1. Nearest 500 deg cm²/dmol is fine: what mean residue ellipticity at 222 nm does the chain get from its DSSP H runs of n ≥ 4 alone, each adding -39,500 (n - 2.57), divided by its residue count?
2. Can you pull out the GluC sites (Glu not before Pro) in segment 115-195 whose DSSP state is coil and whose Cβ has at most 15 other Cβ atoms within 10 Å?
3. Which of the chymotrypsin sites (Phe, Trp or Tyr not before Pro) found in segment 419-516 are in a DSSP loop and have at most 15 neighbouring Cβ atoms, other than their own, within 10 Å?
4. How about segment 419-527: which GluC sites (Glu not before Pro) there lie in a loop by DSSP and see at most 10 other Cβ atoms within 10 Å?
5. Which of Ile337, Ile502, Ile138 comes first, and how do the rest follow, when ranked by fewest Cβ neighbours within 10 Å?
6. From the Cα trace of segment 422-527, what convex hull volume per residue do you get, rounded to a whole Å³?
7. As I understand it, the dipole of the chain uses +1 on the Cβ of Lys and Arg and -1 on the Cβ of Asp and Glu, about the Cα centre. Which of Val164, Ile422, Val398 lies farthest toward its positive end?
8. With +1 on the Cβ of every Lys and Arg and -1 on the Cβ of every Asp and Glu, and nothing else charged, how large is the dipole of the chain about its Cα centre, in debye rounded to the nearest 20?
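Values quoted throughout were computed directly from the atomic coordinates according to the rules given, and no laboratory measurement underlies them. Keep in mind that this is a model prediction, so the values were computed, not measured. Glycine gets a Cβ as well: all are built from the backbone with ideal geometry, and neighbour counts include every protein chain shown.
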Amino acid sequence: MSLLNEVARRRTFAIISHPDAGKTTLTEKLLLFAGAIQIAGSVKARKASRHASSDWMEIEKQRGISVASSVMQMEYRDCVINLLDTPGHQDFSEDTYRVLTAVDAALMVIDAANGVEPQTIRLLQVCRARNTPIITFINKMDREVREPLDLLAELEQHLGMDAVPFSWPVGMGRSFGGVFDIRRDRMRVFRSGADRVGADSDDIIEGIDNPEIVQRFGDSFERATGEMELLADASQPFDREAFLAGKQTPVFFGSAINNFGVQEVLDALVDLAPQPGSRHALQREVKPDETKFSGVVFKVQANMDPSHRDRVAFVRVCSGHFERGMRLKVARSGKEIRPNNVVSFLSQRRELLDDAYAGDVIGIPNHGVLHLGDVLTEGEALQFTGLPFFAPELFQAVEVADPLRTKQLRIGLNQLGEEGAIQVFRPDAGGAMLLGAVGQLQFEVVAHRLKSEYGVQARMMSSRYSMARWITAEDPKDLKKFMDANAQHIAHDVVDAPAFLISSSAQLRVAQEMYPKVQFHALREHG
Ligand code: GDP
């Protein structure tokens, strides 16, 4: 198959939701419908262990599992679908944001009883900022949930884009009759607890005017038709260009746990979601079907065995064809690597991979050669843009209990910082290193990992800072002037980018007023 065809049949998307909306369930069902049944159990197993543990030793074990199952690949209708899971816990949301940079579309799961929830809103902001096309699945229609019209309105308000329903629910909860497929003018009848894949023909009733529908679903159906008429008048027709530009989202209703509405979502991924597109690098635009390989590290995860300290770098292939054993160059350092035992994430198991194309994700085990944001090429110096780092909102100072371990602490913090587990700031004025996080849990994970992987008993202390802004200025002199005047509040992060550390938003406002030529960034993009 030609490179062009390989690219054209790839779909790479992330599945996002507020915890408990049904992401794990839907993931499992998508795999089931695509025929990758074996993993379905392992998705569940992972979730179960995640819930069972409050103990960090458990996290240690799970990291190994999650490396393998955080990217899933399946074949469906001749397409290769790469599904990237996003960490559920909000304290790991930074990681989630970075995963979103590696996909071409997102599948958003919404709990129909709760509507758009806070965690979803934050994720949506990132999708919006990148104009990522979003497919929406409104889940749990087998429960007493919110009115579908309300849900749609809420969705539009938060998304700032038009929501275009492809299906419409008939009833809900106990009286949930199924969904009407608006485009194909037929109704799919709901059966609770249907454990089968696919549906029998008697689950389908053709035509909105079919008397059988009214007979069976009476009031619920009348109501649904009324709503659909309202929608037909009020809403925009689906426009694929608008969807691809992140201006419209197709909406599906269903019940993942009952296998209901899952097939439609899978088909939408194939029919609607985009194939891998071009990517911006500082130097030029990189097309997916260029013959030369390029890829970007969007996530680094410590591997199972802490004593080996090896990590797996997740690389999104951006162009060309990856073959096991090929020589690759790390654009940042100029170092050459020759990945032989690459980890792939094929549906059934973690196995050796032979080749990959744009849109695919490969895992490269390494000992720290690969950093977050690194670009791999066959030699060309490329730097892709857009890997976000978010200004931390929580800070702790970190010291080592045993001064003889200071060096280990520094090494550990550097590596954890490069991995993106936490942000590490070195104050210009000296003193203890500062850790910056988006969620409290990150500190605990880092303390645990420092101990188990680097043998460092770290002492975390509260810090007076509550905010950081990366600083830049067009004229380096302006930046220097600001840094000199605020030396007590300046620190450098792991890539040596200067940041202004502050304890109140008032302090930030004052600085902005006094130094109009300095820019204060809440987000740092790699590169
Ligand atoms: P996640 O945290 O988003 O991954 O959510 P899960 O997939 O673990 O689902 C959270 C809970 O909702 C679990 O108890 C599921 O069994 C349940 N659930 C998922 N889908 C449905 C559904 O369609 N209907 C109902 N009633 N419950 C569901």
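1. Helix contribution divided over all residues of the chain: -10000 deg cm²/dmol.
2. Loop-located and lightly packed - Glu144.
3. Within segment 419-516, no chymotrypsin sites (Phe, Trp or Tyr not before Pro) qualify (loop, at most 15 other Cβ atoms within 10 Å).
4. Hits after loop and neighbour filter: Glu474.
5. Values: Ile337 17, Ile502 21, Ile138 30.
Final ranking by Cβ density, sparse to dense: Ile337, Ile502, Ile138.
6. Looking at segment 422-527, the number lands at 111 Å³ per residue.
7. Looking along the dipole axis, the top candidate is Val398.
8. The calculated dipole for the chain is roughly 1940 debye.
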